[in-house]
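Written below as structure tokens is the structure these notes are about.
The values are calculated or read from the model by the stated rules, or taken from the named source; none is laboratory data. All figures in this text were calculated on a predicted structure; none of them were measured in a lab. Every residue, glycine as well, gets a Cβ built from its backbone with ideal geometry; the counts of neighbours run over all protein chains shown. These accessible areas exclude ligands, DNA and RNA; they are computed on the full protein's heavy atoms, side chains included. Shrake-Rupley method; radii C 1.70, N 1.55, O 1.52, S 1.80 Å.
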Amino acid sequence: MTIMKSENLSPSADKILLPVSLAEIEQAALRIHGHVARTPLVHSLVLSERVGSPVNLKLETLQPIGAFKLRGAMNAVLSLDGGARNRGLVTASTGNHGRAVAYAARELGIAATICMSSLVPTNKVEAIRALGAEIRIVGTSQDDAQEEVERLTESRGLTAIPPFDDPNVVAGQGTIGVEVVEDMPDLETVLVPLSGGGLAGGIAAAVKTLKPQARVIGISMERGAAMHASISAGRPVTVREEETLADSLGGGIGLANRVTFDLCRALLDEIVLVSEAEIAAGIRHAASVEGVTVEGAGAVGFAAIMSGKVKITGPAVIIVSGGNIDPKIHRLIIDGADA
Ligand SMILES: *Cc1c(COP(=O)(O)O)cnc(C)c1O
């Protein structure tokens, strides 16, 4: 287990100037209202009995695209002016962020182009195409696809919607924090999946402002935890990408990170890393006990509690961030596979 806690900075929101404020998160909540689901907070009887205090699940699996990313993308797109909307959107993500951009564009009647390499699996291509986006296949790597995004922003004036390092995106994800405090005013601990830090940074900005005593804990996989490595190093660093069940948590935080590194460094109480076997156990628990299909990234909160890596000492919330897992892999894990 790896625990990080900054010595000199107590993680409280009122002592520092946050790059994203509670006021911006509350504005985002008004802006995206009616376009995204206000997801339920559901009691977990089994986990509550196991840890001896109430544990609730924030089910972002119930968003129309199956993951929370719609909140940030929708807030960013709704913040664009008419000219930018007319020219259209572009991104290179084929995961939950790509789905979110495609969905938001369709909902608002805006064109979206998703750039991807020829190696992206057909099921992912079709999932994005089904949301009405234009698909542009370029090259054989994610870097090739990202270069095409940059070409299209320059040549056609398309707007790239960033997956996490953007104040509007962070504010959109932070609306989850406002909702959990509304629904569980006595919460003491929030467990948040952590990759680029848009989700954890946004939630921490909201929760730590509304309830300075609450703990916000980021959870990543042991394999390639970029924010954890960056905070340990004191600056954004790259980590080697490895295959993991929590594929939505892969990738770096960007060496020129502007927003989420500072936010996570200032506000997260700790970062906990979970193993592949612990993530698999989390996916199994979610399916067999809670009746929820979760992807690896959505299972890390279960993994952190069930492994004992996070000690729960009062009312807790697990952010169940997404459910988009390949059904074949889900079946294998339910049947007992570990990775
Ligand atoms: C993107 C994503 C995360 C991590 O969010 P960040 O803002 O990059 O930290 C967690 N879970 C799921 C399902 C995701 O799609």
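Scanning the range 84-142 for residues that are of a type in the set (Lys, Arg) and in a helix (DSSP H, G or I) turns up Arg85, Arg87, Arg99, Arg106, Lys124, Arg129. Quick check, is Ala286 over 16 Å from the mean Cα position of the chain (by Cα) and not β-branched (Val, Ile, Thr)? Yes. When the test is whether a residue is β-branched (Val, Ile, Thr), within 11 Å of the ligand (Cβ to nearest atom), modelled with pLDDT of 95 or more and part of a helix (DSSP H, G or I), Ile203 passes it. Within the range 235-255, not a single residue is out of contact with any Gly (no Cβ under 8 Å at 6 or more places or on another chain) and under 27 Å from Leu210 (Cα atoms).
The set of residues in the range 284-299 being open to solvent by less than 10 Å² (accessible area, probe 1.4 Å) and within 18 Å of Asn96 (Cα to Cα) consists of Val294, Glu295, Gly296, Ala297, Gly298, Ala299.
So that you can scan it fast, the table gives a plain yes or no per residue for (1) within 11 Å of the ligand (Cβ to nearest atom); (2) in a strand (DSSP E or B); (3) open to solvent by 50 Å² or more (accessible area, probe 1.4 Å); (4) not hydrophobic (A, V, I, L, M, F, W, C):
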| site | (1), (2), (3), (4) |
| --- | --- |
| Val192 | yes, yes, no, no |
| Lys208 | no, no, no, yes |
| Val216 | no, yes, no, no |
| Glu242 | no, no, yes, yes |
| Ser248 | yes, no, no, yes |
| Ile253 | yes, no, no, no |
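Quick check: is even one residue across the range 311-324 within 12 Å of the ligand (Cβ to nearest atom), of a type outside the set (A, V, I, L, M, F, W, C), open to solvent by 10 Å² or more (accessible area, probe 1.4 Å) and farther than 17 Å from Ser44 by Cα? Yes: the range 311-324 contains one or more residues that are within 12 Å of the ligand (Cβ to nearest atom), of a type outside the set (A, V, I, L, M, F, W, C), open to solvent by 10 Å² or more (accessible area, probe 1.4 Å) and farther than 17 Å from Ser44 by Cα.
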